[in-house]
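One structure is given below, encoded as structure tokens.
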Amino acid sequence: MAETEAATEEPEASKEAYQVSRDVAGTLRRQDPVTGDVELYTSIDGILQAVPKMNWDMAATWSRLPIMRVHLFLDKVSFQRGGIMRSYASKVFSPEGLDLIQAIAWWRKRVKSPAKGFAVFEASFDSQVCITDPPTLMLDGATGEAEADDAEAIQRKRESHAKRRELDKRWVTKGISEEALQKIKQADMHRMSRKVSSWSAWRSWDKTL
């Protein structure tokens, strides 16, 4: 009986979690013609409407980043146990990514219960999925809680991304073929996936101590 009562209360809790407004101003997009870096100008108020438990600083930081990929999980525990490799679905928002409001809306349309689901969003600094460690934002559909890289962490990842881009340029000048570069990038992406999985598994174990 207790389980039935808890189940009927979940939709009420979800009313606060993710209210995606469709009346927010359109997102502007700027791309550097030299570096290819992308910066968005997304409504901060729109993000806060979508995720009421997100603080203003987090919303402002993530309003500038294009979301290139999302990994979907049944719940937070599923992510903690297996990391990115245990997602039941992943989506790359090609060719240019989405703003955070659109990405959240895409996720919520694919979750049957309004108080379910867990999503890991990966941002980028250009129009491609990061092969270095991407800025990451996690949203819990059951509680509405948001956990994300802050501005300082994102800046470190931006610098790592820029260094890798320069390395790619040097490889090209040395005559490495496009096919070889793609194989290197695929290996790096696989390495990043394993790294995230190991990190999340360790974190889950650490919380049980």
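Between a residue in the stretch 105-134 that is farther than 24 Å from residue 151 by Cα and any residue that is among the charged types (D, E, K, R) and assigned to a loop (DSSP other than H, G, I, E, B), which pairs come within a Cβ distance under 9 Å, given they are 6 or more apart or on different chains?
Qualifying pairs under 9 Å: 114/15; 115/15; 116/75; 117/75; 117/110.
Give the residue that is modelled with the lowest pLDDT, with candidates limited to residues of the stretch 81-90 that are under 15 Å from the mean Cα position of the chain (by Cα) and surrounded by fewer than 16 Cβ atoms within 10 Å (Cβ to Cβ).
85
Tell me, which residue of the stretch 138-165 that is under 17 Å from the mean Cα position of the chain (by Cα) and of a type in the set (Gly, Ala, Ser) is farthest from residue 78 (Cα to Cα)?
Taking the candidates together, the pick is 151.
The values are calculated or read from the model by the stated rules, or taken from the named source; none is laboratory data. Owing to the predicted nature of the structure, the values given are computational and were not obtained by experimental measurement. Heads up, the Cβs are rebuilt from the backbone with ideal geometry, glycines too, and the neighbour counts pull from every protein chain shown.
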